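> If you scroll down you'll find the structure; I have some questions about it.
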Amino acid sequence: MMLPFWQEREFLCLPFCASLPRQRVLTHTKVFAFGIYRGNLMKTIVDLMVIPLGVGVSLSSYVAACERVLKDAGLKTQLHANGTNIEGEWDDVFAAVKRCHEVLHEMGAPRVSTNIRLGTRVDRTQSMEDKIRSVEAKLASGKPG
């Protein structure tokens, strides 16, 4: 059960703050900054762009390899012209991103750069399709909001 965002939550710090004692926070934004809830899974929607460097101008084989990794991880994905949208649990998504890097290095890419935009939400469950439908409904109605 997800608690309302205003209720106090205990969180675990990521490695950069591991020396700090466990803390209690009152705002959901501070919890998001660390990305880990104790006892709760956090769903995320991520826009991922993985860029292998030093491999030439054609990247489609590398994109396909990363897409296979994401599918094998059981994540919901939508490939687009400049990357991939991913929907899933925080840990599963980031484990797959790590695996993408490993696979591209195994394919011979000496460097891999990644751009990530992500969002999380605690007030309700929302899928990629939900977000798209919301914008399309507003467009269809002819009203801005």
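> Scan around Ile51 for amide H atoms under 5 Å from its own, H built in the peptide plane at 1.01 Å from N, and keep only partners 5 or more places away or cross-chain.
Placed amide hydrogens put Ser113, Thr114, Asn115 under 5 Å from Ile51.
> What spacing in nm lies between the two simple spin-label points modelled at Met128 and Leu59, each 7 Å away from Cα in the Cβ direction?
That separation, rounded to one decimal, is 1.7 nm.
> Hey, what's the Cα Rg ratio for region 94-133 versus the globular rule of thumb, 2.2 N^0.38 Å? Let's see the in-between values first.
Values: Rg = 15.0 Å, N = 40, 2.2 N^0.38 = 8.9 Å.
Here the Cα radius of gyration is 1.68 times the empirical estimate.
> Moving to a separate point now. If r is the Cβ-Cβ distance from Arg121 to Arg99 and R0 is 25 Å, what FRET efficiency results, to the nearest 0.05?
0.50
> Equivalent ellipsoid semi-axes for region 32-145, as square roots of 5 times the alpha carbon gyration tensor eigenvalues: give them largest first, rounded to whole Å. Intermediate results must be reported in sequence, preceding the final value.
Values: eigenvalues 160, 76, 25 Å².
Calculated on Cα positions only, the semi-axes equal 28, 19, 11 Å.
Computed from the coordinates by the stated procedures, all read-outs in this text should not be read as laboratory data. Source: prediction; values computed, not measured. Virtual Cβ from ideal backbone geometry, glycine too; neighbours counted across all protein chains shown.
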